[in-house]
Amino acid sequence: EVQNKEVKFTSPLKTWVAPVESGVTTLSGDEGIVAVGCDDGSIYTFHPKSGRLILPILNTGHAITHSCVTGKRLAVVTNRPSLYLWNVGDPPKCDIKDESLGSFVSTKRHIVSLTITSEGEVRVGLSDLTQYQYSRDLGCWAVIGHTHLDGSWGRELNDGKSSTKQPPSKRTYLHTVQQLHQRIRVAELGGRGSEGKQWLTSLVRYLSLNKDEERLREVLQGVISSPKSMIHGEERLELMGSLLKVVGSTCQRVYSEFKQQLDWAGSRE
């Protein structure tokens, strides 16, 4: 609770009041950290049970507009706009410092969400439904969601049935396929096997539901012909088998072709 430059913590045993120096603009936290962002650019990190400061008072020099806490990680966005990410561990450290968002944030495209994934990656959602994720490996922002995505694909992927509505326009369809490929690549670069497998499965299902046999063949051929024994943290042929289950009877011809290849490859190993 925030009142008159004071943050009030209430627990079953005691109530703590922690003063702050400036006007509070953001408040976020979880069971281990409560982060308070202020209009003078300062960030306070309090322990929710004791009210004590976890870190020295941080200051970015610019007003805090968004903040997010997940586990030991704290992310803030300033009105510059720029991103900071801290690991509030032992010892604490700054993982991302003053990373600009100015290339894609404007008065017409403002930030509506700031999140940290379970792997510690920062994601920013914009008012036009575009999503960005900061890649520390690449040292830049990667687009992982786009305003031109087919809005029905998530629902279709969940139930495995093609929608009765009109199919997406060619532009929307191609944007959706491109962004699914992009998410697979971002997961690969970040070494997140389970996430990569999830997006690969989503891509295969989306191509199958839209009867895009040419692109579906390219994706499946890339898996079964890969020189790698492990793909997205799973044995190559096991992954291929799970992808063919997704294809199923939706694209029977493609399924039959690659089922033969899978059986042949399995007999040689």
Problem - Failed item, numbered, when SER50 is tested on (1) part of a loop (DSSP other than H, G, I, E, B); (2) within 20 Å of GLU99 (Cβ to Cβ) - result: (2)
Exercise for the section: Quickly run through the stretch 180-205 and pick out the residues that are in a helix (DSSP H, G or I) and among the charged types (D, E, K, R). Expected result: ARG183, ARG185, GLU188, GLU195, LYS197, ARG205
Exercise for the section: Please verify whether the stretch 181-201 includes one or more residues that are under 18 Å from GLN133 (Cβ atoms) and among the aromatic types (Phe, Trp, Tyr). Expected result: yes
Handout entry: the stretch 108-130, subset within 21 Å of SER194 (Cα to Cα) and modelled with pLDDT under 85, residue surrounded by the most Cβ atoms within 10 Å (Cβ to Cβ)
Key = GLU119
Exercise for the section: Kindly indicate which of LYS5, LYS72 is touching a Gly at 6+ places or on another chain (Cβ under 9 Å) and at pLDDT below 85. Expected result: LYS5
Handout entry: Residues satisfying the stated conditions in the stretch 32-53, i.e. buried (at least 17 other Cβ atoms within 10 Å of the Cβ) and among the aliphatic types (A, V, I, L, M)
Key = ILE33, VAL34, ALA35, VAL36, ILE43
Practice task
Report whether or not THR130 is of a type in the set (Val, Ile, Thr) and farther than 22 Å from VAL186 by Cα.
Solution key: no
Completion exercise
Among LYS72, LYS49, the single one that is over 28 Å from THR107 (Cα atoms), under 25 Å from the mean Cα position of the chain (by Cα) and not hydrophobic (A, V, I, L, M, F, W, C) is LYS72
Problem - ASN79 within 28 Å of GLU188 (Cβ to Cβ) and in contact (Cβ under 8 Å) with a residue 12 or more places away in the chain - result: no
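The values are calculated or read from the model by the stated rules, or taken from the named source; none is laboratory data. What you are looking at is a predicted structure, and each value in this text was computed from that prediction instead of being measured. Using ideal geometry, Cβ is built from the backbone for each residue, glycine included, and neighbour counts are taken over all protein chains shown.
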